[in-house]
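Read the structure below first, then the notes.
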Amino acid sequence: MAASNKAVLGPLVGAVDQGTSSTRFLVFNSKTAELLSHHQVEIKQEFPREGWVEQDPKEILHSVYECIEKTCEKLGQLNIDISNIKAIGVSNQRETTVVWDKITGEPLYNAVVWLDLRTQSTVESLSKRIPGNNNFVKSKTGLPLSTYFSAVKLRWLLDNVRKVQKAVEEKRALFGTIDSWLIWSLTGGVNGGVHCTDVTNASRTMLFNIHSLEWDKQLCEFFGIPMEILPNVRSSSEIYGLMKAGALEGVPISGCLGDQSAALVGQMCFQIGQAKNTYGTGCFLLCNTGHKCVFSDHGLLTTVAYKLGRDKPVYYALEGSVAIAGAVIRWLRDNLGIIKTSEEIEKLAKEVGTSYGCYFVPAFSGLYAPYWEPSARGIICGLTQFTNKCHIAFAALEAVCFQTREILDAMNRDCGIPLSHLQVDGGMTSNKILMQLQADILYIPVVKPSMPETTALGAAMAAGAAEGVGVWSLEPEDLSAVTMERFEPQINAEESEIRYSTWKKAVMKSMGWVTTQSPESEYILLLPRLIPST
């Protein structure tokens with residue numbers, strides 16, 4: 001029986017999915033795209049100061065090894081031979097910045113997470129140096145100057161962390177986003193580790209020219225970044241190196257995509273105009289614009305969608321980024337204690353079925369698309385004596401949907417062709433109340449694949465299709481049909497519009513909240529009250 005099991009399965013592909021709140025390793029059948037097994041580990045976030053968000057790069061790396069080992073054990077229990085795993089793909093939280101020492105292999109500082117706001121004053125001083133009539137940063141990168149992207153985080157580390165400065169001076173420093181740190185470590189680290197990234201992650205650093213697909217000398221000079229610390233840029237689907245340790249030693253790492261690009265691939269959005277929305281820590285709506293860069297007039301980003309092979313063409317996307325989606329549920333759980341587990345929010349929201357006029361703008365890290373307003377902060381408004389935790393839970397779910405609606409409206413205006421439905425994925429899509437609310441607020445159907453792990457699937461597809469691996473076909477006729485669940489709008493359009501315009505009113509109230517120079521000075525003003533007298 002065991003032998004026939006192994007024979008039926010054929011080649012398998014693994015995927016590391018390293019997100020902001022957790023790491024997972026998943027294994028798929030390359031012929032059917034079926035998920036066979038996986039393991040997940042939650043990752044700690046540290047908040048050393050107001051607006052600062054950090055993670056331990058070594059904890060992230062250990063979590064990857066742990067997930068790989070545990071998944072391999074589970075496959076063994078299922079009588080599946082792990083020697084069938086022919087390739088590994090990596091998908092990662094984007095923009096999060098790591099600098100490490102190539103001699104010792106040690107990180108020189110914690111990873112500065114994409115949500116982190118400490119660089120606000122860096123952004124303010126850099127923006128003064130961009131000529132008003134020639135925003136060369138945006139025209140080369142497709143990105144607005146913001147705390148969100150890696151270049152300003154790296155600039156902060158170079159300005160403020162002596163260990164980083166010294167390592168750069170002594171030519172020991174390497175920079176990378178999480179994918180680079182993981183691939184370097186997994187392929188040997190100090191013993192010949194491969195220092196690379198792919199075009200999708202490079203396009204989020206603000207140092208990469210999305211037209212020439214190379215690190216840009218002018219951008220590096222503008223941000224004061226030495227080019228020798230940057231990783232080599234490769235396509236999203238090619239063999240980068242081999243695993244050097246653990247249960248999968250010798251298996252090639254052959255796929256790499258930033259998580260949102262991976263989800264676009266996993267949702268099979270290979271046609272121009274196809275779009276997906278991923279509900280994770282943040283919320284990210286990407287629309288495939290084909291071989292040409294479409295620049296937004298409505299606050300969206302232009303980014304590299306994927307390049308699935310060294311000799312394959314590059315595809316671009318328009319992207320709307322929302323900083324806080326699943327993070328608001330985690331906040332209700334960890335900070336307010338309104339729920340004990342993330343799943344409980346659905347039960348609370350279901351109890352009331354309405355926010356009863358309560359609106360929640362979770363601008364914990366300012367507002368991202370379409371506003372790009374760092375001065376905004378989170379607010380809950382419309383409270384009455386009748387409001388209870390169920391209404392707040394409902395308002396939190398509605399906030400995720402309203403933020404998506406703002407981005408969809410911007411995308412429809414930029415593309416000129418309104419989306420007829422929205423493909424969705426990510427952890428939060430298991431919440432049926434959220435999915436129905438999303439259909440009601442967008443007033444178009446929301447379509448969810450029965451297997452929601454599309455981010456990991458996209459990384460696995462890129463790895464399996466790589467030249468020299470060739471176990472996954474990306475030809476349209478070979479791609480497995482995915483079963484979908486559909487949520488149709490159930491309220492009338494007028495009610496949907498009223499709720500949306502009230503939400504917009506709440507957003508306006510959240511803006512201009514931080515009036516000091518930066519989160520650092522805001523924190524310093526608080527210090528005397530925070531530090532107990534000894």
### Query
Using mean Cβ contacts within 10 Å as the protection proxy, how do 283-291, 263-271 order, highest first?
263-271, 283-291
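Using the heavy atoms of the protein chains alone and a 1.4 angstrom probe, what is the accessible area of the chain per residue in square angstrom?
Solvent-accessible surface per residue comes out at 39 Å².
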### Query
Can you work out the FRET efficiency for the pair E69 and E34, with r the C-beta to C-beta distance and R0 = 30 Å, to the nearest 0.05?
0.85
### Summary
In the chain, helical segments from DSSP H whose Cα atoms cover 20 Å or more along their own axis and that average at least 0.0 on the Kyte-Doolittle scale are 389-415
### Query
At what distance in nm do the modelled label points of K432 and R413 sit from each other, each positioned 7 Å from its Cα along Cα→Cβ?
3.6 nm
### Summary
For the E351, E497 Cβ pair and Förster radius 30 Å, calculated FRET efficiency rounded to 0.05 is 0.70
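At a threshold of 8 angstrom on Cα-Cα distance, excluding pairs fewer than six apart, so keeping six or more, what relative contact order does the chain reach in percent?
Across the chain, relative contact order equals 15 percent.
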### Burial ranking of peptide ranges 495-507, 333-345 (average Cβ count within 10 Å, highest at the top)
495-507, 333-345
### Matching label, semi-axes √(5λ) of the Cα gyration tensor in Å computed from the structure shown, candidates (1) 76, 30, 24; (2) 43, 25, 19; (3) 33, 30, 23
(3)
#### Entry: Of all accessible heavy-atom area on the chain, the percent that carbon and sulfur account for (1.4 Å)
53 percent
### Query
Do any chymotrypsin sites (Phe, Trp or Tyr not before Pro) in the stretch 85-123 lie in a DSSP loop with no more than 16 other beta carbon atoms within 10 Å, and if so, which?
none
### Query
Do any trypsin sites (Lys or Arg not before Pro) in the stretch 39-121 lie in a DSSP loop with no more than 13 other beta carbon atoms within 10 Å, and if so, which?
K44
### Task
Report the extension gain between T341 and D81 in nm, rounded to one decimal, defined as 0.36 nm multiplied by the number of residues separating them, less their alpha carbon distance.
90.1 nm
### Summary
Measure of exposure for I103: accessible area at 1.4 Å probe, Å² rounded to 10, is 110 Å²
### Task
May I ask you to derive the relative contact order of the stretch 55-134, considering only C-alpha pairs under 8 Å and at least 6 residues apart, and to give it as an integer percent?
29 percent
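The values are calculated or read from the model by the stated rules, or taken from the named source; none is laboratory data. Predicted model, so just to flag it, every value in this text is computed and none were measured. So basically every Cβ, Gly included, is an ideal-geometry build from the backbone, and we count neighbours across all protein chains shown. When the accessible area is computed, the model is the full protein with side chains, heavy atoms only, and any ligands, DNA or RNA have been set aside. Shrake-Rupley method; radii C 1.70, N 1.55, O 1.52, S 1.80 Å.
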